[in-house]
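Q: One structure, pasted below without further comment.
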Amino acid sequence: MNPTTEPTPFTPIPRLRSETAYARANTPQPIDLRLDANEGPARTPDEIAALLTTNPDALRRYPDARALESLLAQRLNTAPERILLTAGADDALDRACRIALEPGRTALATTP
C-alpha cells in the first residue's frame, strides 16, 4: 500500500449491511460486550461472603456449561456432545492441545 494513500474503509459483506448492533430488549443503546475482561456479575460484599462460605468455587471457576450446551444442541438440532463452549480462545486452544499432544509429539508455535 502506498503510504500516502488513505486506507479503504471496511464494508461488510452484502447480507450483513442491513444488520444493526445487538441491543437489549426495550433499550435503544447497544451493549458494550467486553469479552476480554472476564467480568462476572457484580456482587455485593454480603453476596461474596455467602459464596465464600457456601460455594467458594463459584468465585473462581466458570459455571458448568452442560446446560447451555444442551440448549444450543436442541436449537441447532444436533447432539450436545457436538457443542463445545470454552472460556475464550485460549481455553479452546488448550483443549485442542490436550487431546492432540503427548510426550514425543511436536507442536509448532509461532508469534506474530
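Q: Just how much of Ile13 is accessible, in Å², when a 1.4 Å probe is used and the result is rounded to the nearest 10?
A: Ignoring ligands and nucleic acids, Ile13 comes out at about 90 Å².
Q: Output wanted: per-residue J couplings in Hz (rounded whole) for region 71-79, from phi through Karplus 6.51 cos²θ - 1.76 cosθ + 1.60, θ = phi - 60°, x for Gly and Pro.
A: With coefficients 6.51, -1.76 and 1.60, one gets 4, 5, 4, 4, 5, 8, 6, 9, 6 Hz.
Q: Ignoring ligands, DNA and RNA, what percent of the 1.4 Å accessible area of region 48-112 is carbon and sulfur?
A: The value for region 48-112 is 56 percent carbon and sulfur by accessible area.
The values are calculated or read from the model by the stated rules, or taken from the named source; none is laboratory data. Values in this document were obtained by computation on a predicted structure and should not be read as measured data. With ligands, DNA and RNA removed, areas are computed over all heavy atoms of the protein, side chains included. Shrake-Rupley method; radii C 1.70, N 1.55, O 1.52, S 1.80 Å.
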